[in-house]
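The structure appears right after this line, and notes come after that.
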Amino acid sequence: MDFHVPPSDPSIKLTTPLALSPNASTPTHQMAAAPSFAPRNRRNPPDHVSAVDDTSLKLQHWELLSSQFTPPTPPIHDALNKFHPPRPDWYEEFYALVLSRAAESYEAEVARYKSQIFSNLRGKAQKILEIGIGTGPNLRYYASDSSDVEVIGIDPNQKMEKYARSSAASAGLPPSNFEFIHAVGEAIPLSDASVDAVVGTLVLCSVKDVDMTLKEMKRVLRPGGLYLFVEHVGAKEGSILRFLQRILDPLQQTLADGCHLTRDTGNIISTAGFSSVELNMAFLSKATFVNPHVYGIAYK
Ligand SMILES: C[S@@+](CC[C@H](N)C(=O)[O-])C[C@H]1O[C@@H](n2cnc3c(N)ncnc32)[C@H](O)[C@@H]1O
């Protein structure tokens, strides 16, 4: 797997990978501050430097460098901390459990729309990336196409992994064809143009930065690749539903891990710079005030 964090956000530090030699990772300004340990002493130590002194010098050298050496933070974690700061363990566990239990009736109702858009993957997508995969309710749609399909699911909630893996197994996806990455949509740890399709369902309501996530999706999609989406959006301005959504929005964000009720996600996708977008609307009775929904396909 080719891990990569895009430099799209200048505030995300790109750090040097941990190197075997401490010199390789020590910033040059720190190196300059370090006294010069004369290699000249190694081969031809002056008379007053005994063999013991030489060893202790090397030890001191190593200790000094080690004290200056802060292990680099992998960029993937910087992005996680920035866009989805760690929640308490119990909260993540609870949210994953609720999602795994509550989804059944919703999934039954949304199945007709999902079947419609996911049928477009057949024969066109061998490598699929799902953003905010959660408990993995969409995996059954990929695996039915072909056992060759390779799925990468990213989610900042690590507790989703066991549910997603179990969904992958139930869907008949071989374990080697499914990968879960603990990451956010705003900084996808994959190379440019490396996937055939990106999927996101009920996730742009939850990401911190919608524009950045869409930019990242376009970056990792190959030319002509597909972005399949099902998202709930804010109801029409002036409607009673919209009024209720505005009142309930803060509570929803607290209880449902940052989910916003009033985002205009359909419009945002339509103007995100895809070469074409097919967008449809639906109202799902099981989703009550988390309505209406937009679903469709955007092409890179
Ligand atoms: C409402 S759940 C939907 C899960 C799944 N896609 C589904 O359709 O059931 C929202 C998911 O988005 C994930 N999420 C939240 N912030 C995210 C971010 N910045 N990037 C990617 N996923 C995120 C959450 O952890 C959660 O799994």
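Brief remarks on what is shown
- Against the conditions (1) within 20 Å of Glu104 (Cα to Cα); (2) touching a residue at least 24 places away in the same chain (Cβ under 8 Å), Leu221 satisfies every one except (1).
- Pair list, Cβ < 6 Å and 6+ apart or interchain, from the stretch 79-90 residues that are touching a residue at least 40 places away in the same chain (Cβ under 8 Å) to residues that are in a loop (DSSP other than H, G, I, E, B) and open to solvent by 60 Å² or more (accessible area, probe 1.4 Å): Phe83/Lys208
- Selected residue (criterion: nearest to the ligand (Cβ to nearest atom)) from residues of the stretch 152-207 that are open to solvent by 40 Å² or more (accessible area, probe 1.4 Å) and of a type in the set (A, V, I, L, M): Leu202
- Residue within the stretch 149-167 that is of a type in the set (Phe, Trp, Tyr) and in contact (Cβ under 8 Å) with a residue 60 or more places away in the chain present: yes
- The condition of being open to solvent by 30 Å² or more (accessible area, probe 1.4 Å), touching a strand residue (DSSP E or B) at 6+ places or on another chain (Cβ under 7 Å) and either in contact (Cβ under 8 Å) with a residue 40 or more places away in the chain or farther than 20 Å from Glu107 by Cα (or both) holds for only one of Tyr299, Tyr227, that being Tyr299.
- The listed residue being under 22 Å from His84 (Cα atoms) and either within 24 Å of the chain's Cα centre (by Cα) or within 16 Å of the ligand (Cβ to nearest atom) (or both), out of Gly224, Gly258, Gly266: Gly258
- When Leu129, Leu139 are checked against the criterion of being more than 10 Å from the ligand (Cβ to nearest atom) and within 14 Å of the chain's Cα centre (by Cα), a single residue qualifies: Leu129.
The values are calculated or read from the model by the stated rules, or taken from the named source; none is laboratory data. All values reported here derive from a predicted model rather than from experimental measurement. Positions of Cβ are generated from backbone atoms using ideal geometry, with glycine treated the same way; all protein chains shown enter the neighbour counts. Only protein heavy atoms, including side chains, enter the accessible area calculation; ligands, DNA and RNA are left aside. Shrake-Rupley method; radii C 1.70, N 1.55, O 1.52, S 1.80 Å.
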